[in-house]
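Input: a single structure, listed below in structure tokens.
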Amino acid sequence: MCSVSLFIAVNTEGIRRSSNDNDTKQLRFDKKKGEFRILQVADMHYADGKKTPCEDVLPNQFAHCTDLNTSAFINRMIQAEKPDLIVFTGDNIFGFDAEDAAASMNAAFAPAISSKIPWAAVLGNHDQESTLSRESIMNHIVGMRHTLSQVNPSGVDVIDGFGNYNLEVHGVEGSNFMNKSILNLYFLDSGDYSTVPSVPGYGWIKPSQQYWFQQTSKKLQKMSKAPGLAYFHIPLPEYAYFDSSNFTGVRQEGISSASMNSGFFTTLVGAGDVKAVFTGHDHLNDFCGKLTGIHLCYAGGFGYHAYGKAGWSRRARMVVVSLEKDSHDDWGAVKSIKTWKRLDDENLTAVDGQVLWSQHSSGNRRKNPIVHG
């Protein structure tokens, strides 16, 4: 225990936000490259640092592999990709093996915090299985430095779950879009397990959350026709509509969605602004496929204390949103959204690059009838 406590004390200094801290900043596109870069970290499954062994690694890796390998991977990704935002999509800690939920979270998020890069998190189905409730877990996250996470949206009295919020990414400083959100990010709590006795399995995004999303999307689209991205933990049932003929990446296990369909995919299609959804939960799936104009993407398993597949590298997903240049050579609105994954191998190999959306290829989409399925 001493070594774990020491690890947490040494590596998590300056984690908590003090009452006079104002270290969160407005998200904005980079002026030099006209880009906004998002690193998605799915399923860290962090527990007790260096005393927590890895799962599903090769025999020659096992002896020296712990949660610290997960931390090292985050640091490598930050250095290689220089993201503008880091998004953690749930199962940030593995509650069953975490002796102290707050200490595990402090250690799990420490690399992001020490980088001083803004970050956001949602909850998975394992985060609350240690010493803190789901609400307390989200409250703890919101009190950490450099995070833009919120427990729930302000001004909304009734909403299910903890960790439903949106973030706006403004245009380049000095451009015509500097005071406008030209990329909208939605974060939702996809729940943990069903609370309805007749419905087995995992949770889902509830009507109250869908209503909030619809209202928020409508309000934002009145201000600008900005594309949106959505992040949550548990995949939608529609992820099962794909096979190897119509996705990029791999599907190596079943789709562990809720056993009932909440209709959220239909809600997303109806809103019209979300171009891609990013989830975790199924660690051996890392594919991205397009259905009715929306890409449904997995990140692939990131954490070393999470189940995986020996010899199949842990991985992270990058999304890069690029701006167009106007006739005066100034940065304008969003031109394209691209993605790829990086593997935690010797070279941080980039794989499966693809364009998720581009302004010029999407012009005719709304003229076509929407066919779901």
Rounded tilt (10° steps) of 2-11 against the dominant C-alpha axis of the chain: 30 degrees
Region 218-263: equivalent-ellipsoid semi-axes (sqrt of 5 x gyration tensor eigenvalues, Cα, Å): 28, 15, 9
Region 164-179 - phi-based ³J(HN,Hα) in whole Hz, Karplus 6.51/-1.76/1.60, Gly and Pro as x: 9, 6, 10, 10, 9, 10, 8, x, 4, 3, x, 8, 5, 9, 5, 9
Cα gyration tensor shape of region 192-321, rounded if a/c is under 1.5, else prolate or oblate by comparing a/b with b/c: oblate
Extended-chain gain in nm, criterion 0.36 nm per residue less alpha-carbon gap, LYS325 and ASP345: 3.6 nm
Rounded FRET efficiency, nearest 0.05, which uses the C-beta distance separating ASN246 from ALA80 and R0 of 51 Å: 0.95
Subset of LYS31/LYS275; LYS50/LYS341; LYS180/LYS325; LYS25/LYS341 violating a 18 Å alpha-carbon distance limit: LYS31/LYS275; LYS50/LYS341; LYS25/LYS341
Helix axis angle, 101-115 relative to the chain longest principal axis, alpha carbon, degrees: 60 degrees
P(r) of the chain over all Cα-Cα pairs, binned every 10 Å from zero, in whole percent: 5, 25, 36, 25, 8, 1, 0
Carbon plus sulfur fraction of accessible area for the chain, probe 1.4 Å, in percent: 50 percent
Solvent exposure, largest accessible area first (probe 1.4 Å, DNA, RNA and ligands not counted), of ASP243, ASP192, ASP30: ASP243, ASP30, ASP192
Alpha-carbon centroids, region 285-363 and region 238-283: separation in whole Å: 15 Å
Fraction of beta bridges assigned by DSSP in the chain that are antiparallel (%, nearest 5): 60 percent
Residue-span extension gain [GLU253 to VAL355] - 0.36 nm each, minus C-alpha spacing: 34.2 nm
For the chain: relative contact order, % (alpha-carbon pairs under 8 angstrom, 6 or more apart): 18 percent
Candidate aspartates and glutamates - alpha carbon under 15 Å from LYS219, same-chain residues fewer than 8 apart omitted: GLU168, ASP273
Ranked packing of 294-300, 170-176, 226-232, 351-357, most packed first, by mean Cβ within 10 Å: 294-300, 226-232, 170-176, 351-357
Full-extension gain in nm, ALA63 to LYS335, via 0.36 nm per residue minus C-alpha separation: 93.2 nm
FRET efficiency, 1/(1 + (r/R0)^6) with R0 45 Å, evaluated for ASN179 and TYR307 via beta carbons: 0.50
Rg(Cα)/(2.2 N^0.38 Å) for region 272-336, N = residue count: 1.52
Per residue value of the accessible surface for the chain (all protein chains in place, 1.4 Å probe), Å²: 42 Å²
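The values are calculated or read from the model by the stated rules, or taken from the named source; none is laboratory data. Remember, it's a predicted structure, so these values are computed and weren't measured experimentally. In this analysis, Cβ positions are derived from the backbone assuming ideal geometry, glycine residues included, and neighbour counts consider all displayed protein chains. Note: accessible area is taken over every heavy atom of the protein model, side chains too, but ligands, DNA and RNA are not part of it. Shrake-Rupley method; radii C 1.70, N 1.55, O 1.52, S 1.80 Å.
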